[in-house]
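Q: Got a structure here, written out as structure tokens. Questions coming.
The values are calculated or read from the model by the stated rules, or taken from the named source; none is laboratory data. Treat the numbers as computed from the prediction; the structure is a model and nothing was measured. No Cβ is skipped: glycine too gets one built from the backbone with ideal geometry, and neighbour counts run over all protein chains shown. With ligands, DNA and RNA removed, areas are computed over all heavy atoms of the protein, side chains included. Shrake-Rupley method; radii C 1.70, N 1.55, O 1.52, S 1.80 Å.
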Amino acid sequence: MRIVYFTHSLVSCWNHGNAHFLRGVLSELIARGHDVRVFAPENSWSLANLLADHGPEALDAYRTAYPELGSVCYPEDADVEAMADGADVVIVHEWNAHALVARLGQLRKRGAAFTLLFHDTHHRAVSAPDEMRAYDLSGYDGVLAFGETLSQVYRGWGWGDRVWTWHEAADTRRFVPLEGERDGLIWIGNWGDGERTAEIEQFLLAPARAANLPLDVHGVRYPAAAMAMLARYGVRYRGWAANAVAPALFAQHLATVHVPRRYYATILPGIPTIRVFEALACGIPLVSAPWDDSEGLFRTGQDFLTAHDGAAMTARLRDLRDDAALRTALAKSGRETILARHTCAHRVDELMAILARIDAHPQQRSAAA
């Protein structure tokens, strides 16, 4: 099968978490013998910021970890018909220009034979609905949404049974437990546009200090106020880290913490985002701030611990600090669940089932197409 994917960036994971999942899924598709082509816009903001901050050598970790992957950058006026030529399936990520999304839909309306899917991996459907509804998806065969609550939003917009929940997952070829001298806590995440400032302080910074656990923080887009807050709590800020080196970073620490962005803790519950899958795949114990696993993706209390407030988080972190058996049990259980349900291989299986359903029920295709 020839699969064409339009992404924001494949090579850069600077503030672009979907690149993690995309790399794993495309790698799995290639391993199964599919012909995969990836297109990304020239001068994407993720790649531009990465190169500005760290130079071209910042791409080395990705290239070393994924030698089989490649992508082509295209200009704004690119010939999308040529780019999609010969495709059986075209998938378009939501961080693409409205014009590109519309042009691909027009191709499908004019009779292009490929199945055309829109892939939404963000909360903008509820945080910026007008921006998302401005996409012309009238020529699309369906939507892949990375959580059931997001799928429900699209159903409310009239997509009915042409939207499928397609969670992110861990690339278990690369995200594996590694041996290391473990000490303290690690948190890998971006500051988040003010979406979780109070939560980061309440559930990460203050509990780490109270539990007397050194804390390493990796991420980008930390404004001056954020840096000042980290300094007040004695946090070691490490800056951007290539996603491909995350397993080695996890191996140096006792535990990590999940601090969901506010939309994923409130309006869109049940979406864990990629970091939870990756951490559990690497066998590092995890404690989560309040988050409702409404889809039952994990075994709460067995795969990871939860804390309803800052005091509870401090207590959980002290337990992990002092109880090696607890750390071992959590690491084993969390990885078991990933391997059983949440690998990129599982997601490729799900994608193939979705495509088979579309092919078996052509009436479900876009009416315009």
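Q: Cβ-Cβ below 8 Å, separation at least six or inter-chain, first residue in segment 93-112 and in contact (Cβ under 8 Å) with a residue 60 or more places away in the chain and within 14 Å of GLY142 (Cα to Cα), second part of a helix (DSSP H, G or I) and open to solvent by less than 60 Å² (accessible area, probe 1.4 Å): which pairs?
A: HIS93/ASN18; HIS93/LEU22; LEU104/VAL80
Q: Of the residues in segment 28-43, how many are touching a strand residue (DSSP E or B) at 6+ places or on another chain (Cβ under 9 Å) and either more than 15 Å from SER71 (Cβ to Cβ) or touching a residue at least 40 places away in the same chain (Cβ under 8 Å) (or both)? Show your work before the answer.
A: To start, the set of residues in segment 28-43 that are touching a strand residue (DSSP E or B) at 6+ places or on another chain (Cβ under 9 Å) comprises 28-30, 34-43.
Still in the list and also either more than 15 Å from SER71 (Cβ to Cβ) or touching a residue at least 40 places away in the same chain (Cβ under 8 Å) (or both): 28-29, 34, 37, 39, 41.
The number of residues fulfilling the criteria is 6.
Q: Filter segment 147-164 for residues that are open to solvent by 40 Å² or more (accessible area, probe 1.4 Å) and within 17 Å of the chain's Cα centre (by Cα) and give the result.
A: Going residue by residue through segment 147-164, those that are open to solvent by 40 Å² or more (accessible area, probe 1.4 Å) are 148, 152, 155-158, 161-162.
GLU148, the sole residue that qualifies.
Q: If you go through segment 271-290, how many residues are part of a loop (DSSP other than H, G, I, E, B) and in contact with a His (Cβ under 9 Å, 6 or more places away or on another chain)? Reasoning before the result, please.
A: If we filter segment 271-290 for residues that are part of a loop (DSSP other than H, G, I, E, B), which is where we start, we get 271-273, 282-285, 289-290.
Keeping just the survivors that are in contact with a His (Cβ under 9 Å, 6 or more places away or on another chain) gives 271-273, 284, 289-290.
Total meeting the criteria: 6.
Q: Among the residues that make up segment 52-59, is at least one of them touching a Phe, Trp or Tyr at 6+ places or on another chain (Cβ under 6 Å) and aliphatic (A, V, I, L, M)? Break it down into steps so the answer makes sense when it comes.
A: In the first step, residues of segment 52-59 are kept if they are touching a Phe, Trp or Tyr at 6+ places or on another chain (Cβ under 6 Å); the result is none.
Checked segment 52-59: no residue is touching a Phe, Trp or Tyr at 6+ places or on another chain (Cβ under 6 Å) and aliphatic (A, V, I, L, M).
Q: OK, next. For segment 258-300, which positions are open to solvent by 50 Å² or more (accessible area, probe 1.4 Å) and free of Cβ contacts under 8 Å to residues at least 24 places away in the same chain?
A: Of everything in segment 258-300, those that are open to solvent by 50 Å² or more (accessible area, probe 1.4 Å) and free of Cβ contacts under 8 Å to residues at least 24 places away in the same chain turn out to be THR266, THR300.
Q: Can you name the condition, by its number, that ALA206 falls short on among (1) open to solvent by 20 Å² or more (accessible area, probe 1.4 Å); (2) under 30 Å from ALA145 (Cα atoms); (3) at pLDDT 95 or above?
A: Failed condition: (2).
Q: With GLY239, GLY283, GLY270 as the choices, which residue is farther than 30 Å from PRO56 by Cβ and modelled with pLDDT of 95 or more?
A: Working: GLY239 fails: farther than 30 Å from PRO56 by Cβ; GLY270 fails: modelled with pLDDT of 95 or more.
So the residue among GLY239, GLY283, GLY270 that is farther than 30 Å from PRO56 by Cβ and modelled with pLDDT of 95 or more is GLY283.
Q: Separate question: Does GLY105 count as open to solvent by 10 Å² or more (accessible area, probe 1.4 Å), small (Gly, Ala, Ser) and either farther than 20 Å from PHE21 by Cβ or modelled with pLDDT of 95 or more (or both)?
A: Numbers: open to solvent by 10 Å² or more (accessible area, probe 1.4 Å): no; small (Gly, Ala, Ser): yes; either farther than 20 Å from PHE21 by Cβ or modelled with pLDDT of 95 or more (or both): yes.
So GLY105 fails the test.
Q: If a residue has to be among the hydrophobic types (A, V, I, L, M, F, W, C) and either surrounded by fewer than 23 Cβ atoms within 10 Å (Cβ to Cβ) or free of Cβ contacts under 8 Å to residues at least 24 places away in the same chain (or both) to count, how many in segment 167-182 make the cut?
A: First, pick out the residues of segment 167-182 that are among the hydrophobic types (A, V, I, L, M, F, W, C): 169-170, 175-176, 178.
Checking the rest, the ones that are also either surrounded by fewer than 23 Cβ atoms within 10 Å (Cβ to Cβ) or free of Cβ contacts under 8 Å to residues at least 24 places away in the same chain (or both) come to 176, 178.
Here the count works out to 2.
Q: Which number in (1) surrounded by 14 or more Cβ atoms within 10 Å (Cβ to Cβ); (2) over 14 Å from the mean Cα position of the chain (by Cα) marks the one condition that TRP14 misses?
A: (2)
Q: Here's a follow-up. Give the number of residues within segment 44-72 that are under 26 Å from GLY33 (Cβ atoms), touching a strand residue (DSSP E or B) at 6+ places or on another chain (Cβ under 8 Å) and surrounded by 13 or more Cβ atoms within 10 Å (Cβ to Cβ). Working first, answer last.
A: From segment 44-72, those under 26 Å from GLY33 (Cβ atoms) are 62-72; that's our starting set.
If we keep only those that are touching a strand residue (DSSP E or B) at 6+ places or on another chain (Cβ under 8 Å) as well, we get 69-72.
Filter again for surrounded by 13 or more Cβ atoms within 10 Å (Cβ to Cβ), leaving 69-71.
Selection size over segment 44-72: 3.
Q: Turning to a different aspect of this structure: Of everything in segment 183-196, what is crowded, with 16+ Cβ neighbours inside 10 Å and more than 21 Å from HIS16 (Cβ to Cβ)? Give them in sequence order.
A: GLY184, LEU185
Q: Read through the list (1) touching a residue at least 40 places away in the same chain (Cβ under 8 Å); (2) of a type outside the set (Val, Ile, Thr); (3) loosely packed, with under 14 Cβ neighbours inside 10 Å, then give the number of the only condition that ASP77 fails.
A: In the conditions (1) touching a residue at least 40 places away in the same chain (Cβ under 8 Å); (2) of a type outside the set (Val, Ile, Thr); (3) loosely packed, with under 14 Cβ neighbours inside 10 Å, ASP77 misses (1) alone.
Q: Name the single residue, out of those in segment 312-337 being charged (D, E, K, R) and more than 23 Å from ALA210 (Cα to Cα), that is most open to solvent (accessible area, probe 1.4 Å).
A: So in segment 312-337, the residues charged (D, E, K, R) come out as 316, 318-319, 321-323, 327, 332, 335-336.
Next, only the ones that are more than 23 Å from ALA210 (Cα to Cα) stay: 332, 335-336.
Details: LYS332: 127, ARG335: 53, GLU336: 80 Å².
Here the residue is LYS332.
Q: Which ones in segment 135-146 are open to solvent by less than 40 Å² (accessible area, probe 1.4 Å) and either among the aliphatic types (A, V, I, L, M) or over 24 Å from the mean Cα position of the chain (by Cα) (or both)?
A: Here is the first cut: in segment 135-146, the residues open to solvent by less than 40 Å² (accessible area, probe 1.4 Å) are 135, 137, 139-146.
Matches in segment 135-146: LEU137, GLY139, VAL143, LEU144, ALA145.
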